[in-house]
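Everything on this sheet refers to the single structure shown next.
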Amino acid sequence: QVKLVESGGGLVQTGGSLRLSCGTSEGAFRGASMAWFRQAPGTERLFVAAIRWFGDITYSDSVKGRFAISRDNAKRTLYLQMNDLKREDTAVYYCAVGSGALTTAPGSYDHWGQGTQVTVSS
């Protein structure tokens, strides 16, 4: 059974930083593409960033230059470093595992974590 566990969310002031982590089981991590999505109340789940097994990366325009996605293959962990946080970054952040393609579509990812809340206050 694939299990993804996010951590690192919390309350931060605008301009602050947080680092999210997502631990995975080995079977889910090897060769897979991984991504972060976020969902604010009453809205759809939106793409944030994705990274392939070999390191190709893509970001949404809203976080480009502020967020950095990375993965530690030895630790089977995905990270999202979030800098210069804004109120509009407030959301539940989810990590997801896909088959290997670098895609922004939620439907292309097979497994999801339970989410971690990020709240940015002014």
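The values are calculated or read from the model by the stated rules, or taken from the named source; none is laboratory data. Fair warning: this is a prediction, and the values are worked out from it, not measured in the lab. Cβ coordinates were reconstructed from backbone atoms using ideal geometry, including for glycine residues, and neighbour counts include every protein chain displayed. Accessible surface is based on the protein model in full, side chains and every heavy atom, while ligands, DNA and RNA are left aside. Shrake-Rupley method; radii C 1.70, N 1.55, O 1.52, S 1.80 Å.
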Please go through the stretch 87-98 and pick out each residue that is open to solvent by 60 Å² or more (accessible area, probe 1.4 Å) and in contact (Cβ under 8 Å) with a residue 60 or more places away in the chain. R87
Specify which of the listed residues (G42, G8, G31) is under 14 Å from the mean Cα position of the chain (by Cα) and on the phi > 0 side of the Ramachandran plot. G8
Could you list, ordered by first residue, the pairs with Cβ atoms under 6 Å in which the first is in the stretch 1-22 and surrounded by fewer than 16 Cβ atoms within 10 Å (Cβ to Cβ) and the second is assigned to a loop (DSSP other than H, G, I, E, B) and among the aliphatic types (A, V, I, L, M), at least 6 apart or interchain? G16/L85
Would you mind telling me which numbered condition in (1) open to solvent by 30 Å² or more (accessible area, probe 1.4 Å); (2) part of a strand (DSSP E or B); (3) touching a residue at least 60 places away in the same chain (Cβ under 8 Å) A101 fails? (2)
Looking at the stretch 109-120, is at least one residue open to solvent by 60 Å² or more (accessible area, probe 1.4 Å) and among the aromatic types (F, W, Y)? yes
Would you pick out the residues in the stretch 59-86 that are open to solvent by less than 60 Å² (accessible area, probe 1.4 Å), without any contact (Cβ under 8 Å) to a residue 60 or more places away in the chain, within 20 Å of A32 (Cβ to Cβ) and aliphatic (A, V, I, L, M)? A68, I69, L78
With the structure loaded, tell me whether G31 is within 20 Å of T103 (Cα to Cα), touching a residue at least 24 places away in the same chain (Cβ under 8 Å) and either touching a helix residue (DSSP H, G or I) at 6+ places or on another chain (Cβ under 7 Å) or surrounded by fewer than 14 Cβ atoms within 10 Å (Cβ to Cβ) (or both) or whether it fails that test. yes
If a residue must be aliphatic (A, V, I, L, M), modelled with pLDDT of 95 or more and over 17 Å from Q81 (Cα atoms), how many such residues does the stretch 1-44 contain? 1
So which residues in the stretch 13-26 are of a type in the set (V, I, T) and farther than 28 Å from N73 by Cβ? T14
Apart from one, (1) of a type in the set (A, V, I, L, M, F, W, C); (2) open to solvent by 20 Å² or more (accessible area, probe 1.4 Å); (3) at pLDDT below 95 all hold for F47; the odd one out is (3)
